[in-house]
1. Going residue by residue through the range 138-160, is there one that turns out to be over 20 Å from the mean Cα position of the chain (by Cα) and in a helix (DSSP H, G or I)?
2. Which numbered condition in (1) more than 22 Å from Leu159 (Cβ to Cβ); (2) touching an Asp or Glu at 6+ places or on another chain (Cβ under 9 Å); (3) outside any helix (DSSP H, G or I) is the only one that Gly26 fails?
3. Among the residues of the range 77-130, write down those that are in a helix (DSSP H, G or I), under 29 Å from Gly28 (Cβ atoms) and touching a Gly at 6+ places or on another chain (Cβ under 8 Å).
4. Of the conditions (1) closer than 22 Å to Leu102 by Cβ; (2) part of a helix (DSSP H, G or I); (3) out of contact with any Lys or Arg (no Cβ under 9 Å at 6 or more places or on another chain); (4) free of Cβ contacts under 8 Å to residues at least 60 places away in the same chain, Lys163 clears all except one; give me its number.
5. Of a type in the set (A, V, I, L, M) and touching a residue at least 40 places away in the same chain (Cβ under 8 Å): does that describe Ala70?
6. Report yes if Lys58 is open to solvent by 10 Å² or more (accessible area, probe 1.4 Å), among the basic types (Lys, Arg) and out of contact with any helix residue (DSSP H, G or I) (no Cβ under 6 Å at 6 or more places or on another chain), otherwise no.
Amino acid sequence: MRKKFVMANIVTLALILIFDVWYMFGGGLFAKSIASIMFVGAGIVNYLYCAKNEVDLKFPRWMLVALTCAMLADIILVLNFYLGVAVFALGHVFYFVSYCMLGKINRKDLLCGVGIFTFALSVIQFAPFLDFGSGFMKNVCCAYALIISFMVGKAISNLLEEKNATNITIVVGSILFIISDLMLMLDKFGSIPGTNYLCLGTYYPGQFILAFSLFKHATINRLNYNKNAKVS
């Protein structure tokens with residue numbers, strides 16, 4: 001059974017990368033939509049793997065909701081930037097909630113989140129090459145940065161509390177996500193060459209990695225179950 005789910009992940013990753021590259025080089029909304037649908041597909045595949053292994057589905061359920069929000073936001077962003085940003089922000093809240101299913105809220109969450117937000121806010125406020133055009137847009141970026149900073153902060157905090165494959169995978173995916181958003185900001189408001197490719201090159205792999213964290217979560221739970229069964 002495990003081999004089938006591994007193969008399904010390989011196929012979805014391959015499709016994500018193909019449509020990601022296609023979109024980079026002029027594939028349009030169609031290619032972007034398929035790439036987004038594929039990382040939700042990876043989430044569904046790995047959610048089913050969790051269910052097959054009788055894993056507590058609180059974390060997988062919230063992760064799947066977050067991935068779905070990211071998919072919708074990714075498509076909406078092309079049609080309406082402000083609405084897309086709002087849906088992305090909602091998605092980050094769901095990612096944060098999913099991470100809370102793996103580790104209780106604690107002081108490290110706050111410290112990590114504040115540290116990341118301080119860096120992000122410094123870039124937004126003081127980078128001389130950024131031109132937001134209006135105070136409103138700068139405030140939107142600040143509010144968005146606050147939400148994603150605490151999402152990434154929670155991922156790092158969980159890893160500091162417990163070093164396992166699930167938390168490592170989530171940290172990698174979350175960091176790629178925030179790098180992607182930083183590149184999007186630099187591309188849209190700084191017109192820095194190459195940042196659009198870096199944005200797309202980190203975003204879709206990052207989303208797949210977050211979806212794949214469900215597979216790692218189920219695998220860890222399965223190994224722990226087998227160890228406990230042998231002991232008893």
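The values are calculated or read from the model by the stated rules, or taken from the named source; none is laboratory data. The model shown is predicted, which means the values in this text are computed figures rather than measured ones. Reconstructed Cβ throughout: ideal geometry from the backbone, glycine too, with neighbour counts over all protein chains shown. Calculation scope for accessible area: heavy atoms of the full protein, side chains included, ligands and nucleic acids excluded. Shrake-Rupley method; radii C 1.70, N 1.55, O 1.52, S 1.80 Å.
1. Within the range 138-160, the first condition is being over 20 Å from the mean Cα position of the chain (by Cα), and the residues that meet it are 138-139.
Retained after the next criterion (residues that are in a helix (DSSP H, G or I)): 138-139.
Looking for residues that are over 20 Å from the mean Cα position of the chain (by Cα) and in a helix (DSSP H, G or I), one finds at least one in the range 138-160, hence yes.
2. Only one criterion is unmet by Gly26, namely (2).
3. Restricting attention to the range 77-130, the residues satisfying the condition of being in a helix (DSSP H, G or I) are 77-79, 81-100, 107-126.
Going one step further and asking which of them are under 29 Å from Gly28 (Cβ atoms), we end up with 77-79, 81-92, 94-95.
Scanning the range 77-130 gives Leu77, Val78.
4. It is condition (2) that Lys163 fails.
5. Values: of a type in the set (A, V, I, L, M): yes; touching a residue at least 40 places away in the same chain (Cβ under 8 Å): yes.
So Ala70 fits the description; yes.
6. Working: open to solvent by 10 Å² or more (accessible area, probe 1.4 Å): yes; among the basic types (Lys, Arg): yes; out of contact with any helix residue (DSSP H, G or I) (no Cβ under 6 Å at 6 or more places or on another chain): yes.
Yes.
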